[in-house]
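Colleague: Please see the structure below; I have some questions.
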Amino acid sequence: MPVNRRSFIKSLGIGAAGLSLNNFLLTAQQSNKFKDDVNRNYLPDLQVDVIVIGAGPSGIPAAMAAAREGAKVILLEEDTTPGGAPVNMYVTFMCGAPRTGIYLETVRQLNKNHSLGIEPSKTFGDYAWDNKNHWWLPSSYSRVWNAMLSAQKNITLMCGCRVIDAIVSTKGNRNTVTGVVMMRNELYQRVLAPVTIDATGTGLVSAKAGCNFFYGSDAKSDFNESIGLEKSDGKVQPCTQMFISQRTKSNTEFPRSAFNTGVLLYDDPKWEVHQTPEEAVRKDAGIYLHWGSTVHVEDTTDIVQVAAAQMEALNRLKPRLEALQKAGYATHMAPKIGVRECRRIQGEYVVTVDDVINGVFQDDHVADAWYALDPWGMKIEEKVKLDVKPYGIPYRSLIPLNTEGLLTAGRIISGTRLAMSSYRVQPICGTIGEAAGTAAAMAANKKTGVRNIDIRQLQRKLEAAGLFDWYGHVNLNVNNKPWRK
Ligand SMILES: Cc1cc2nc3c(=O)[nH]c(=O)nc-3n(C[C@H](O)[C@H](O)[C@H](O)COP(=O)(O)OP(=O)(O)OC[C@H]3O[C@@H](n4cnc5c(N)ncnc54)[C@H](O)[C@@H]3O)c2cc1C
């Protein structure tokens with residue numbers, strides 16, 4: 001059910017201690033923010049056509065697409081480098097399809113110049129699809145995206161800038177977002193634009209703008225879904241500490257008995273646990289991607305809880321890290337624990353699990369999607385989980401309810417928790433981002449607002465950018481018919 005911040009805290013049952021901590025922080029920030037000495041605390045305003053918040057797999061294509069449409073774009077990122085989950089959480093592996101548009105440009109660059117096998121994969125193909133497990137170093141993603149972003153003169157990328165608030169004007173029951181407030185060098189700065197895209201992965205900016213959001217599992221009956229929980233347990237998917245291990249001594253063997261799952265060699269169709277020792281040695285590039293310890297976090301909007309979960313995950317990992325060390329493998333830990341799920345912003349359309357299972361394309365679809373249902377921590381029959389068809393992401397699921405001047409992109413768009421478990425993967429987040437960026441530029445250029453753009457023109461632009469050109473080029477391994485006539 002939709003929630004606002006107040007009911008969300010209540011539904012989580014956060015006690016007096018939690019609330020008083022939050023209240024203390026809010027009070028301190030607000031009292032600073034509204035100090036009389038505005039000039040001392042605020043840098044001069046910036047004005048652009050499109051603001052994108054979050055330089056991750058959805059925000060980067062969003063910014064690039066808007067810039068290619070001629071919009072002046074500012075891309076704000078709280079980290080010191082662009083990349084999002086592949087860079088700061090070491091989620092360096094792509095799942096699902098399609099791999100098209102700006103996301104495809106990214107992975108082609110990764111394969112060409114950053115292959116862990118030294119030579120680019122020969123089977124990677126034009127559509128980055130060969131049923132093998134490709135992954136790259138986190139720093140390779142940031143190098144590729146830095147190069148792509150800096151080649152685009154319409155984009156100003158500002159890293160180290162955390163957006164802390166949305167600027168909103170209210171008329172009747174509709175809010176219009178006219179910009180955001182960010183922290184830059186311990187000072188506040190307002191950035192103003194007719195369209196803002198929330199690509200934060202957390203939905204913070206939309207929540208600050210007063211949008212309703214969903215959090216945690218839904219009951220089947222909430223959205224009339226054919227599968228799911230009878231009663232919501234309020235949980236989000238667990239967090240996982242990712243890491244990379246790398247052989248540093250010759251004549252040493254990977255300590256596979258210490259791992260029963262979640263280890264990936266480079267450029268291979270099999271997970272490490274499914275390799276015979278002979279196969280693994282033959283193919284071993286000496287570097288492995290690990291899905292490490294997994295920890296449940298009650299409230300992933302709370303950075304203190306997330307940080308505590310990382311400590312717990314690192315402690316739990318100790319025996320496995322020691323086994324690696326002993327066997328002559330160095331380990332590189334992701335700086336942040338991987339958070340799979342946070343807010344889902346309620347939009348004009350809510351994508352449901354039945355849209356995913358039945359391969360539904362609404363008339364206003366702007367991104368294709370295909371990936372299994374993958375809700376960590378929730379059991380679903382294997383056949384149901386895998387038997388999904390390509391489906392469409394409707395433009396309405398990017399438009400927050402009762403709000404103008406704002407679009408969402410990536411994993412926070414409007415969908416049920418089960419639907420999101422499918423479209424949350426990076427290639428799909430990338431195509432959603434590209435659609436959001438193109439739409440935002442159209443709305444900003446023509447001053448129409450995000451609801452009144454010409455949807456057919458948007459679809460034609462996305463088609464011309466190659467976003468729908470994948471079906472038939474890849475082997476989906478599912479028994480379904482092409483959706484396009
Ligand atoms: C452990 C784990 C394993 C996964 N495994 C896979 C996998 O194998 N394959 C796959 O394809 N996908 C996988 N995923 C899913 C995928 O990585 C994410 O869903 C995807 O990265 C979401 O992209 P996004 O752009 O929406 O958000 P993110 O990648 O989270 O990017 C959001 C960006 O916004 C920035 N930001 C946030 N708040 C602010 C703010 N207030 N101000 C400024 N900047 C801000 C963040 O720093 C970040 O750079 C996994 C995710 C996790 C956590």
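The values are calculated or read from the model by the stated rules, or taken from the named source; none is laboratory data. Model, not experiment: these values are computed from the prediction. Neighbour counts run over all protein chains shown; Cβ positions are idealised from the backbone, glycine included. Each accessible area value is taken on the protein alone, full model and side chains, heavy atoms only, with ligands, DNA and RNA left out. Shrake-Rupley method; radii C 1.70, N 1.55, O 1.52, S 1.80 Å.
Colleague: Efficiency by 1/(1 + (r/R0)^6): what FRET value for R316 and R256, r their Cβ-Cβ distance, R0 = 30 Å, to the nearest 0.05?
Modeller: 0.95
Colleague: With a ≥ b ≥ c taken as the square roots of the eigenvalues of the C-alpha gyration tensor of the chain, please select rounded if a/c is under 1.5 and otherwise prolate if a/b is larger than b/c or oblate if it is not?
Modeller: Rounded.
Colleague: Leaving out ligands and nucleic acids, note down the accessible area per residue over the chain with a 1.4 angstrom probe, in whole Å².
Modeller: Dividing the accessible area of the chain by its residue count gives 44 Å².
Colleague: Between rounded, prolate and oblate, where does region 359-485 land on the alpha carbon gyration tensor, with a ≥ b ≥ c its root eigenvalues, rounded for a/c under 1.5, else prolate if a/b exceeds b/c?
Modeller: oblate
Colleague: If I fit a long axis through the Cα atoms of helix 138-150 and take the longest principal axis of the Cα atoms of the chain, what angle between them do I get, 0 to 90°, rounded to 10?
Modeller: 40 degrees
Colleague: Could you check the simple spin-label distance between H296 and D363, using points 7 Å along Cα→Cβ, in nm with one decimal?
Modeller: Label-label distance for H296 and D363, simple model: 4.4 nm.
Colleague: Keeping the other protein chains in place, figure out the carbon and sulfur percent of the accessible area of the chain, with a 1.4 Å probe.
Modeller: 51 percent
Colleague: Another question about this same structure. Helix 59-68 sits at what angle to the longest principal axis of the chain, using alpha carbons and giving 0 to 90 degrees rounded to 10?
Modeller: Tilt relative to the chain: about 60 degrees.
Colleague: Sort out for me the Cα centre separation of region 314-359 from region 61-97, rounded to whole Å.
Modeller: 18 Å
Colleague: Of P82, A62, N185, which is farthest towards the positive pole of region 58-193's charge dipole, taken about the Cα centre with +1 and -1 on the beta-carbons of Lys, Arg and Asp, Glu respectively?
Modeller: Farthest along the dipole direction, towards plus: A62.
Colleague: Please compute the length gained on full extension between H332 and C95, using 0.36 nm multiplied by the number of residues separating them and subtracting their Cα-Cα distance.
Modeller: Result for the pair: 83.1 nm of gain on full extension.
Colleague: Starting from the Cα-Cα distance between T248 and L43, subtract it from 0.36 nm times their residue separation and give me the gain in nm to one decimal.
Modeller: 69.0 nm
Colleague: If you don't mind, another one. Would you work out the relative contact order for the chain, in percent, from Cα pairs under 8 angstrom that are 6 or more residues apart?
Modeller: Value for the chain: 22 percent.
Colleague: Specify the inter-centroid distance of region 391-433 and region 184-229, based on alpha-carbon positions, in whole Å.
Modeller: 10 Å
Colleague: Taking 51 Å as R0, compute the FRET efficiency from the Cβ-Cβ separation of A307 and Q457 and round it to 0.05.
Modeller: Computed FRET efficiency for A307 and Q457 comes out at 0.70.
Colleague: Pull out the extension gain between T123 and K447, defined as 0.36 nm times the separation in residues minus the alpha carbon to alpha carbon distance; nm, one decimal.
Modeller: That works out to 112.1 nm of additional length.
Colleague: Let's see if you can work this out: charge +1 on each Lys and Arg Cβ, -1 on each Asp and Glu Cβ, no other charges. What is the dipole magnitude of the chain about its Cα centre, in debye to the nearest 20?
Modeller: Here the size comes out at about 420 debye.
Colleague: Probe 1.4 Å, all protein chains in place: accessible area of F468 in Å², nearest 10?
Modeller: 20 Å²
Colleague: Then there's this: Relative to the longest principal axis of the C-alpha atoms of the chain, give the angle of the C-alpha long axis of helix 303-326, reported between 0 and 90° and rounded to the nearest 10°.
Modeller: So the helix axis and the longest Cα principal axis differ by about 10 degrees.
Colleague: Related question: Using the Cα centre of region 183-267 as origin and beta-carbon charges of +1 (Lys, Arg) and -1 (Asp, Glu), tell me which of L229, N251, C239 is placed farthest towards the positive end of the dipole.
Modeller: It is N251, whose Cα lies furthest towards the positive end.
Colleague: Kindly sort H134, H473 by accessible area of their heavy atoms, largest first, with the probe set to 1.4 Å.
Modeller: The residues order as H473, H134, largest area first.
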